Amino acid sequence: IMAETSMRHMFAGGNTALGFFSYYDYIIDWEKAKGIYILKGGPGVGKSTFIKEVGMEMIKRGYEVEYFHCSSDSDSLDGVAVPKLKAAVIDGTSPHIIDPKYPGVVDKIINLGDFWNLEGLKKDKENILEKRKEIKKYFDRAYRYLKSAGLLYEDIEFFYSCALNSSKAVKIAEELIEDLFGSKKTSEKEGRQRYLFASAI
C-alpha cells in the first residue's frame with residue numbers, strides 16, 4: 001500500500017505572464033546527483049507513463065519520491081526524483097528542453113523515440129501537422145491572456161503595497177520565524193535554495 005506521505009507533488013514549470021517558465025534545474029541538485037535520466041521522444045511515446053512506473057516502483061521499495069506534474073496537464077508527469085538515491089527521471093522535451101550537463105558522468109539520455117511506430121505515424125502525417133498547429137494557436141492565445149492578467153496583477157499589487165504597514169509586516173514575520181524555528185542555532189553550512197511551483201495554470 002502506497003502511503004501518501006511517501007509522495008510530494010509539485011510543478012517544475014509554469015504557464016505564466018512571462019510565457020512558459022522553467023525551474024527544471026531545481027528538480028535535483030545536478031552536481032550532487034548520482035543519476036539523472038533524461039527522456040527524449042515526441043508526444044505520446046510514453047514518457048509520463050515511464051516516469052509514473054519508476055515512481056511507483058520506488059515507493060514499493062520504501063523510498064520517498066517527488067512527482068513533478070506537467071503544468072498544462074496535471075494528470076501527466078514531467079519528472080520524478082528520489083532524494084535518498086540522489087536520482088531523477090526527467091522529461092527533457094519541449095517546452096522544458098533539457099540536455100545533459102555532465103554526459104555519462106551524471107546524466108544519461110533515454111530516447112523513447114526509438115520505439116515509434118514510424119509507418120503508423122506516416123499514415124497520420126497530415127492530421128498530426130494540423131493538430132500541432134492548432135495546439136500552438138491555443139497556447140499562444142492563452143499566453144496573451146496570461147500576459148494581460150499579469151499587468152493587471154502588477155497594478156493591484158502596487159495599490160496593496162501602498163496600503164501595507166511595513167513595520168507591522170516585519171514584526172509579524174519575526175514572530176513567525178520565532179514560532180517556527182524557536183531557539184535553533186543558525187547553521188554554519190550554507191543552505192541550498194530551491195524554486196518550484198506549488199500549483200499551475
Which residues, taken from region 156-171, are open to solvent by less than 100 Å² (accessible area, probe 1.4 Å) and not in a helix (DSSP H, G or I)? Asn165
Exactly one of (1) over 21 Å from the mean Cα position of the chain (by Cα); (2) acidic (Asp, Glu); (3) in a loop (DSSP other than H, G, I, E, B) is unmet by Glu119. Its number? (3)
Filter region 27-65 down to residues that are part of a helix (DSSP H, G or I) and touching a Leu at 6+ places or on another chain (Cβ under 6 Å), then give me how many there are. 4
Here are Leu152, Leu118: which of them is farther than 30 Å from Ile27 by Cα, at pLDDT 95 or above and not acidic (Asp, Glu)? Leu152
For Tyr63, work out the one condition from (1) touching a helix residue (DSSP H, G or I) at 6+ places or on another chain (Cβ under 7 Å); (2) of a type in the set (Phe, Trp, Tyr); (3) surrounded by 19 or more Cβ atoms within 10 Å (Cβ to Cβ) it doesn't fulfil. (3)
Among (1) of a type outside the set (Ser, Thr, Tyr); (2) closer than 24 Å to His9 by Cα; (3) within 21 Å of the chain's Cα centre (by Cα); (4) open to solvent by 100 Å² or more (accessible area, probe 1.4 Å), Ala198 falls short only on (4)
When every residue in region 67-96 that is more than 14 Å from the chain's Cα centre (by Cα) and aliphatic (A, V, I, L, M) is compared, the one surrounded by the most Cβ atoms within 10 Å (Cβ to Cβ) is Val82
If only one of Gly41, Gly35 is out of contact with any helix residue (DSSP H, G or I) (no Cβ under 7 Å at 6 or more places or on another chain) and small (Gly, Ala, Ser), which one is it? Gly35
Would you mind finding the one in Asp99, Asp140 that is within 26 Å of Ala200 (Cβ to Cβ), in contact (Cβ under 8 Å) with a residue 12 or more places away in the chain, charged (D, E, K, R) and surrounded by fewer than 14 Cβ atoms within 10 Å (Cβ to Cβ)? Asp99
Every pair of residues 6+ apart whose Cβ atoms lie under 7 Å, when the first sits in region 23-50 and is among the acidic types (Asp, Glu) and at pLDDT 90 or above while the second is surrounded by fewer than 18 Cβ atoms within 10 Å (Cβ to Cβ) and outside any helix (DSSP H, G or I): Asp29/Arg192
State all residues of region 42-53 that are open to solvent by less than 40 Å² (accessible area, probe 1.4 Å) and touching a strand residue (DSSP E or B) at 6+ places or on another chain (Cβ under 6 Å); if no residue qualifies, say none. Lys47, Ser48, Ile51
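The values are calculated or read from the model by the stated rules, or taken from the named source; none is laboratory data. In this text the structure is predicted, and so the values were computed from the model without any measurement. Cβ coordinates were reconstructed from backbone atoms using ideal geometry, including for glycine residues, and neighbour counts include every protein chain displayed. SASA here: full protein model, heavy atoms, side chains in, ligands and nucleic acids out. Shrake-Rupley method; radii C 1.70, N 1.55, O 1.52, S 1.80 Å.
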